[in-house]
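Accompanying notes for the structure given below.
The values are calculated or read from the model by the stated rules, or taken from the named source; none is laboratory data. Computed from a predicted structure; not experimentally measured. As a convention, Cβ positions derive from the backbone with ideal geometry for all residues, glycine included, and neighbour counts pool all protein chains shown.
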Amino acid sequence: MLWETIRLALRSVRRNAMRSVLTLLGIVIGVAAVIAMVTIGSGTTAKVREDISKLGSNLLVVRAARPDRSGNSNFTVRRLEQKDLDVLNKHLDDVRAVSGESQSQVRIVYGAQNTAAQVTGTDTEYFTARDWTVSLGRAFTEQEVRGGTGVCLIGQTIRTQFFGSGDPLDEIIRVGKTSCRIIGTLGSKGYTGFGQDQDNLVLMPLTTFQRRIAGNRYIDTIYVSVNDGASTTQAVADVSAIMREARGIQPTRDDNFEVRDMTQIADAMTSATTAMTGMLGAVAGVSLLVGGIGIMNIMLVSVTERTREIGIRLAIGAHEKDILIQFLVEATVLSLLGGLLGIALGLGLAGGAASFLAIPFAPSATIILIAVVFSALIGMVFGFFPALRGARLNPIDALRHE
Amino acid sequence: MTDALVTFTDVWKSYGQGEAQVHALAGVDLAIRKGEFVAIMGPSGSGKSTSMNIIGCLDTPTSGRHGFLSVDAGRLDRTQRAVLRNLYIGFVFQGYNLLPRTTAAENVELPLIYRGMPAGERRNAAMQALAQVGLGGREHHTPAELSGGQQQRVAIARAIVTRPTLLVADEPTGNLDTQRSHEIMELLTGLNRDEGLTIAMVTHEGDIASYADRTISFLDGKIASQGYEMESA
């Protein structure tokens, strides 16, 4: 009997194919949006997690604290400098590397070609701390860092763009208003979870960067790479203690720096994705509501069109509930069809985005199941009123209907 | 009258309230016996359609008793009447009232679906009913592919597939030419004679009514003639 009803519903949907498809657009778009967003979101999260686990969970990031917008901060704003780096280097045990980094987006030029790249000033420990390898040539030396020499290493993206398969070593490139000699190239790292090309970078000694590009003596970030097996929690506490002591912060005052380990950063990044997903979820919700109203509308039309049919069915012995079920099933089949189309479209979009952003394609069975159930529910909820209207028809009037 | 299938006892059917009240039926008494073929005639507005709706258990009287198979059908609710119709009553309408774009066999199966009969049994019963009305071999035609006479035969097959006790026919030949009309009437008469099917038929054509055992005539919501002259003879 139910199978009979489903077949009947499918036939009715097929008979009005064009009308059905147009009716379903709202549901299709809503479901597709949800599926695409959640799939892309979880792909991004997976990528971020993967990147961070590649970096190693034993990396600490130290940054200057920023005053909060209310201006009620209980600390004196003070940016990081060389002495912060020196004091950490001197007092921290059980660490592999302590490295300072400053960055800026700068235009770089070679011959007639130019591109915008991430220019990073840093020290010799950076390669250990951030896990960079040198694929060609060499890293810079302590002397070069101290002397602020105009040397640099380039990432694979820039190498390919400027030199193709040629030899970049000892070539001079312009970096902003200064220039540097290429002493090496970096191993490739690919894209971050947010689609940022990590190989589009120029690495130069920190002092060189500070003097010639930034024009200040500040350090943006200090990375502390803790030895394997050592406690990151302990290391965070140590770094805080050393920094407070060195900066002479009174016990009643807050830190004017922040120390975070990668797990915290991963959480922060993921929560940004979650917030975005939530917002788009709301948009999708509105779209689904509109889709539901569309279904209600078309079901009302369907019931009116088939008044005579309802009359015949009631006359020959259909119960109210048979008619109710018939139209409910039809509405449900309709919206379920929309849901399935939406899932297919959403996965298609997410697949495209995944390959475009170089993130993993991570379809979730749970969300697909939820989409299926939810679209079926929409059909039942919005189909109920029209179905009830059909079921309550008086058979005599319905039979007389033209 | 112990073998009465349908009885009306002082049946009234009224619409509206107070001054504007209209009585479609104003105290009707009638009886249709098992196996009888009754024609119901009368000008439009005479109450013949209203009484047919009540006889077919599609409607209930405002007052009075409508007995069907020894139950007081007027006191049944919508669902109970639906069960009664499905089990004991077959309908044939003037406009055939077949489901469009649905094959003859599927149309005939329809009342059995609401009985919850398994698909295989249903199909067999439908084929049998179609053969009985002379439409064997046309099971898979849709109404649009059939002539008016053939469509009415499908409708008759749908009405008898449930092996009903009573067949209610509302102007069954109203849309047909003379020759087709007589063919349909032969078919109905045959069902009445051979199967003992009780038939109540509304018509306004005298020669169609003459196929029936007797004719009940309505006028202004009352019965003008019970048509027992054949018996009294």
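Brief remarks follow.
- Complete set of residues in segment A:190-239 that are in a loop (DSSP other than H, G, I, E, B) and without any contact (Cβ under 8 Å) to a residue 40 or more places away in the chain: A:Q196, A:G215, A:N216, A:G229, A:S231
- Residue satisfying condition, being within 14 Å of chain A (Cβ to nearest Cβ), out of contact with any strand residue (DSSP E or B) (no Cβ under 8 Å at 6 or more places or on another chain), surrounded by 16 or more Cβ atoms within 10 Å (Cβ to Cβ) and not hydrophobic (A, V, I, L, M, F, W, C), within set B:Q132, B:Q151: B:Q151
- Of the residues making up segment B:77-89, one or more are modelled with pLDDT under 95 and assigned to a loop (DSSP other than H, G, I, E, B).
- Scanning segment A:344-393 for residues that are surrounded by 14 or more Cβ atoms within 10 Å (Cβ to Cβ), in a loop (DSSP other than H, G, I, E, B) and within 14 Å of another protein chain (Cβ to nearest Cβ) yields a single hit, A:L393.
- Scanning segment B:26-59 for residues that are under 19 Å from the mean Cα position of the chain (by Cα), of a type in the set (A, V, I, L, M) and either more than 14 Å from chain A (Cβ to nearest Cβ) or surrounded by fewer than 15 Cβ atoms within 10 Å (Cβ to Cβ) (or both) turns up B:V28, B:L30, B:A31, B:I32, B:V38, B:A39, B:I40, B:M41.
- Looking at A:I323, A:I295, just one residue is within 14 Å of chain B (Cβ to nearest Cβ), assigned to a helix (DSSP H, G or I) and of a type outside the set (D, E, K, R), and that residue is A:I323.
- Qualifying position, being in a helix (DSSP H, G or I) and either of a type in the set (V, I, T) or in the same structural domain as A:V224 (by TED's automatic domain parsing) (or both), among A:V259, A:V303: A:V303
- Residue under evaluation B:V161, criteria (1) away from chain A (no Cβ under 13 Å); (2) over 19 Å from B:Q94 (Cβ atoms), criterion not met: (1)
- When A:T332, A:T307, A:T366 are checked against the criterion of being of a type outside the set (A, V, I, L, M, F, W, C) and over 48 Å from the mean Cα position of the chain (by Cα), a single residue qualifies: A:T307.
- Some residue of segment B:14-23 being in contact (Cβ under 8 Å) with a residue 24 or more places away in the chain and hydrophobic (A, V, I, L, M, F, W, C): no
- Residues within segment B:101-118 that are facing chain A (nearest Cβ under 8 Å) and either over 30 Å from B:A73 (Cα atoms) or surrounded by 20 or more Cβ atoms within 10 Å (Cβ to Cβ) (or both), tallied: 5
- Among the residues of this structure, A:R308 counts as one that is of a type outside the set (A, V, I, L, M), part of a helix (DSSP H, G or I) and at pLDDT 85 or above.
- For the residues B:P61, B:P43, the requirement of being over 25 Å from A:L314 (Cβ atoms) and either assigned to a helix (DSSP H, G or I) or not acidic (D, E) (or both) singles out B:P43.
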